[in-house]
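A quick write-up on the structure given underneath.
The values are calculated or read from the model by the stated rules, or taken from the named source; none is laboratory data. Not measured: the values here are computed from a predicted model. Cβ placement follows ideal geometry from the backbone for every residue including glycine, while neighbour counts extend to all protein chains displayed. The accessibility values were calculated without ligands, DNA or RNA, using every heavy atom of the protein model including side chains. Shrake-Rupley method; radii C 1.70, N 1.55, O 1.52, S 1.80 Å.
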Amino acid sequence: MDPIISKAASQIGLSLPQLYQLLPSELTLWVDPYEVSYRIGEDGSICVLYEATATKPVSSYGMLTCKNQMMLGRTSPSKNYIMTVSS
């Protein structure tokens with residue numbers, strides 16, 4: 001468990017066992033510039049949780065986000081999911 005996720009859960013009143021019950025066992029969460037994404041399982045679709053617009057132009061020279069790198073060569077679009085946690 002990532003310590004930041006654990007701390008956030010604790011701040012909203014969730015215990016570590018409750019958090020493990022609520023989250024999928026193979027959840028991968030990462031942060032790119034201006035985007036937070038996740039995937040469930042090795043072969044799961046990549047889904048964007050949060051996306052912000054850049055405040056200043058970003059050069060596209062050689063820049064691919066993790067999501068775009070994973071999407072290269074895909075023949076179908078990814079499915080979008082919304083993940084909510086409640087107690």
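Checked against (1) surrounded by 10 or more Cβ atoms within 10 Å (Cβ to Cβ); (2) at pLDDT below 55, Met71 meets all criteria but (2).
Just to be sure before I move on: is Ser6 in contact (Cβ under 8 Å) with a residue 24 or more places away in the chain, in contact with a helix residue (DSSP H, G or I) (Cβ under 9 Å, 6 or more places away or on another chain) and either outside any helix (DSSP H, G or I) or open to solvent by less than 80 Å² (accessible area, probe 1.4 Å) (or both) in the structure I sent? Talk me through it step by step, then tell me what you get.
Working: in contact (Cβ under 8 Å) with a residue 24 or more places away in the chain: no; in contact with a helix residue (DSSP H, G or I) (Cβ under 9 Å, 6 or more places away or on another chain): yes; either outside any helix (DSSP H, G or I) or open to solvent by less than 80 Å² (accessible area, probe 1.4 Å) (or both): yes.
So Ser6 fails the test.
Summed over the range 11-30, residues that are open to solvent by 50 Å² or more (accessible area, probe 1.4 Å), more than 15 Å from Cys47 (Cα to Cα) and among the hydrophobic types (A, V, I, L, M, F, W, C) total 3. Right, Gly62: at pLDDT 90 or above, loosely packed, with under 12 Cβ neighbours inside 10 Å, assigned to a loop (DSSP other than H, G, I, E, B) and of a type outside the set (Asp, Glu) or not? Against the criterion (at pLDDT 90 or above, loosely packed, with under 12 Cβ neighbours inside 10 Å, assigned to a loop (DSSP other than H, G, I, E, B) and of a type outside the set (Asp, Glu)), Gly62 does not qualify.
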